[in-house]
Every structure is written in C-alpha cells, then in structure tokens.
Amino acid sequence: MPTVNHSGTSHTVFRLLGIPGLQDQHMWISIPFFISYVTALLGNSLLIFIILTKRSLHEPMYLFLCMLAGADIVLCTCTIPQALAIFWFHAGDISLDRCITQLFFIHSTFISESGILLVMAFDRYIAICYPLRYTTILTNALIKKICVTVSLRSYGTIFPIIFLLKRLTFCQNNIIPHTFCEHIGLAKYACNDIRINIWYGFSILMSTVVLDVVLIFVSYMLILHAVFHMPSPDARHKALNTCGSHVCIIILFYGSGIFAILTQRFGRHIPPCIHIPLANVCILAPPMLNPIIYGIKTKQIQEQVVHFLFIKQK
C-alpha cells in the first residue's frame with residue numbers, strides 16, 4: 001500500500017455505525033443480541049461457579065473448561081455491550097485509545113481461547129493414551145504454568161499491535177461501518193503505509209491459531225490411533241465420548257473464527273448488512289453454545305447443574 005503524505009490532524013475519535021443500511025431495524029436486531037449475550041453470561045458464569053465450588057470437578061479437564069468459560073465471558077463482553085449501546089442509544093462515538101483497547105482484548109482473548117482448546121486436546125490425549133499417568137503428568141503445578149503460558153502468549157503477541165496502531169496517522173474517514181473495532185479494520189483508515197500491520201497480523205495468525213489447529217489435529221490423530229487399538233468396543237465408545245464435547249467446541253470456535261477472518265479479508269463484495277451481523281454472530285455463538293454443549297454431553301456437569309437449579313431450590 002503506498003504511503004500518502006498528509007498534513008491534516010489525526011482523528012482521535014471514531015464513529016461506529018452499527019449495521020449500515022439497517023439503522024431503522026437496530027432496535028429489533030438488538031433483541032436476539034441481548035438474549036444471546038445474557039445466555040452466554042449466565043451459562044458461563046454458572047459453569048465457572050459449579051466447577052469452582054464442587055471439589056469432585058477439580059480435575060484438569062474441568063479446570064481448563066473453567067478457563068474457557070472465563071475467556072468466553074471476556075470475548076463477548078468486549079463486543080456485545082458496545083453493539084447494544086449503538087442499537088439502543090446511538091452511542092457510536094469511541095476514542096482511538098478505547099478502540100485500540102477493545103481490539104486488543106478481542107484479539108488476545110481469541111488467541112487465548114485457541115490456546116485453551118489446544119491444552120484441552122493435550123488433556124484428552126494424556127487421559128486416553130496414558131490414563132495411569134494422568135494425575136502424575138497433569139499436576140496442579142503444571143496446570144498453573146499452562147495458565148500463565150497461555151495468558152503470556154495471548155497478551156504478548158497482541159501487545160505490539162498497540163504501538164503499530166499508535167504510530168499511524170488517521171487522517172482519512174473516521175466513520176467505521178461496524179459495531180466494534182478490529183485491527184486491520186482500524187488500520188485501513190490510516191494515511192500511512194500499513195503493510196507492517198498486515199504482515200504482523202498475518203504472522204500472529206500463523207504462529208498461534210494456525211499452529212494450534214495443526215497441533216490439535218495431530219493430537220486427535222494420536223487419540224484415534226490409540227482408541228481404535230483398544231480391545232473393547234465399550235472402551236472405545238467411552239474414550240470417544242469423552243472427546244465429543246471438545247470436538248464440537250473446536251468445530252464451533254474455529255469454524256466461526258475462520259468464517260469471520262475470511263469475510264473480513266476477502267468479503268469486500270458482501271454487503272455490510274450481512275457481513276457485520278455475521279461477524280457478531282461468529283463472536284457470540286461460541287460463548288453462548290459452549291456451556292450448552294458441555295451441559296448436554298458431560299454427565300458430571302449435567303448432574304451438578306440439575307442439582308443446583310432444581311434440587312437445591314427444594
């Protein structure tokens with residue numbers, strides 16, 4: 001992208017339009033957004049509460065699930081309240097610093113979730129391939145180190161983006177046809193050369209999310225190899241069943257993420273009234289559905305939820 005010299009003042013305030021072309025329908029569009037957001041908050045909060053308060057669930061698999069639920073709450077809270085403020089109060093003005101802060105947490109949380117899913121795949125690999133050594137390998141000390149590593153990786157890789165954006169001069173249009181801020185979506189309004197932003201964003205994607213997908217795929221190939229060498233059909237069924245919830249969440253998370261990235265990068269001909277709602281759905285769907293998937297497919301969590309919601313009330 002060629003550099004353009006401008007002597008104009010750099011914009012420090014931007015205007016998020018919400019969903020261009022559907023401004024008259026914002027109030028109606030906000031209803032499913034609000035219901036989905038409340039469902040995500042309640043579902044993930046309940047999941048965290050049950051896992052932390054029930055000692056029988058203080059196992060690596062459930063502790064990693066607790067981390068995933070926390071990341072889900074952060075991810076949807078970074079975007080949906082802002083969208084609702086636009087839909088309800090036309091509060092689309094956002095400062096540059098706040099915009100950068102929002103996209104920092106959106107991108108870092110996405111990478112964090114990807115890392116947690118990789119760790120959960122490693123957990124299933126150890127549980128199925130080395131069941132007798134499961135507790136000696138996944139100790140509390142190792143789990144704490146994993147949590148710190150996942151956090152440092154997610155925040156450390158995204159942190160330079162703050163400086164890559166702060167160096168830019170935003171002297172073009174300050175109207176953003178979206179409900180939230182995104183790295184390249186914001187950078188393209190700069191008058192400077194943003195090739196370094198594009199390449200750094202691409203390198204982060206390849207070294208984190210794409211690498212995680214490859215490692216998860218390898219983990220499940222090893223898991224399938226071990227499962228199909230089990231002598232008992234019941235043992236094979238039980239082993240595969242323990243991976244069912246995780247596989248569903250992997251497909252949901254990466255499927256939504258890949259779709260959002262592709263529409264952002266290559267969907268220039270997709271109307272904003274289609275692209276922007278889909279981008280929000282891609283962010284909101286995993287946090288809303290993850291607790292439901294684990295609640296349905298994991299017997300221990302299902303029993304604890306039923307006990308908490310119904311038996312305890314009596």
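The values are calculated or read from the model by the stated rules, or taken from the named source; none is laboratory data. The shown structure was predicted, so the numbers you read here are calculated from the model rather than taken from an experiment. All Cβ positions, glycine included, derive from the backbone under ideal geometry; neighbour counts span all protein chains shown. Protein only, heavy atoms only, side chains kept; ligands, DNA and RNA dropped before computing areas. Shrake-Rupley method; radii C 1.70, N 1.55, O 1.52, S 1.80 Å.
Do you know which of the residues in segment 103-133 that are in a helix (DSSP H, G or I) and without any contact (Cβ under 8 Å) to a residue 40 or more places away in the chain is nearest to R236 (Cα to Cα)?
Within segment 103-133, the match that is nearest to R236 (Cα to Cα) is P131.
Can you go through T298, T263 and tell me which one is buried (at least 16 other Cβ atoms within 10 Å of the Cβ), among the hydroxyl-bearing types (S, T, Y) and farther than 24 Å from T208 by Cβ?
T298
If you check I100 against the conditions, is it surrounded by 13 or more Cβ atoms within 10 Å (Cβ to Cβ), part of a helix (DSSP H, G or I), touching a Leu at 6+ places or on another chain (Cβ under 7 Å) and of a type outside the set (G, A, S)?
Considered against the rule, which asks whether it is surrounded by 13 or more Cβ atoms within 10 Å (Cβ to Cβ), part of a helix (DSSP H, G or I), touching a Leu at 6+ places or on another chain (Cβ under 7 Å) and of a type outside the set (G, A, S), I100 comes out as yes.
Would you be able to say whether some residue in segment 112-125 is under 21 Å from I296 (Cβ atoms) and over 18 Å from the mean Cα position of the chain (by Cα)? If you could, list the steps in order and put the result at the bottom.
We begin by selecting, within segment 112-125, every residue under 21 Å from I296 (Cβ atoms); these are 113, 116-117, 120-121, 123-124.
Subsequent filtering for residues that are over 18 Å from the mean Cα position of the chain (by Cα) retains 123-124.
Among the residues of segment 112-125, at least one is under 21 Å from I296 (Cβ atoms) and over 18 Å from the mean Cα position of the chain (by Cα), which makes the answer yes.
Which numbered condition in (1) of a type outside the set (K, R); (2) modelled with pLDDT under 95; (3) closer than 16 Å to F33 by Cβ is the only one that W88 fails?
Failed condition: (2).
Out of the residues in segment 19-32 that are in a helix (DSSP H, G or I) and either open to solvent by less than 20 Å² (accessible area, probe 1.4 Å) or out of contact with any helix residue (DSSP H, G or I) (no Cβ under 7 Å at 6 or more places or on another chain) (or both), state the one that is nearest to P271 (Cα to Cα). Please lay out each step first, then the result.
To start, the set of residues in segment 19-32 that are in a helix (DSSP H, G or I) comprises 23-32.
Next, from what is left, pick out any that are either open to solvent by less than 20 Å² (accessible area, probe 1.4 Å) or out of contact with any helix residue (DSSP H, G or I) (no Cβ under 7 Å at 6 or more places or on another chain) (or both): 23-26, 28, 30-32.
Numbers: Q23: 14, D24: 16, Q25: 16, H26: 16, W28: 19, S30: 19, I31: 22, P32: 21 Å.
Per the stated criteria, the residue is Q23.
From (1) open to solvent by 30 Å² or more (accessible area, probe 1.4 Å); (2) of a type outside the set (S, T, N, Q); (3) part of a helix (DSSP H, G or I), pick out the condition that doesn't hold for C243.
Result: C243 fails condition (1) only.
Of the residues V150, V74, V38, only one is buried (at least 19 other Cβ atoms within 10 Å of the Cβ), at negative phi and β-branched (V, I, T); which?
V150
For (1) touching a helix residue (DSSP H, G or I) at 6+ places or on another chain (Cβ under 8 Å); (2) over 14 Å from I111 (Cα atoms); (3) surrounded by fewer than 16 Cβ atoms within 10 Å (Cβ to Cβ), each residue gets a yes or a no:
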| residue | (1), (2), (3) |
| --- | --- |
| F228 | yes, yes, yes |
| D234 | no, yes, yes |
| I250 | yes, no, no |
| G257 | yes, no, no |
| V281 | yes, yes, no |
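Which number in (1) modelled with pLDDT under 95; (2) closer than 15 Å to P287 by Cα marks the one condition that G70 misses?
Failing condition for G70: (1).
Starting from segment 276-291, take each residue that is farther than 9 Å from C76 by Cα and list its partners that are outside any helix (DSSP H, G or I) and open to solvent by 10 Å² or more (accessible area, probe 1.4 Å), counting only C-beta distances under 6 angstrom and pairs at least six apart or across chains.
I276/H178
For segment 165-223, what are the residues that are touching a residue at least 24 places away in the same chain (Cβ under 8 Å), part of a helix (DSSP H, G or I) and aromatic (F, W, Y)?
Y200, Y220, listed by residue number.
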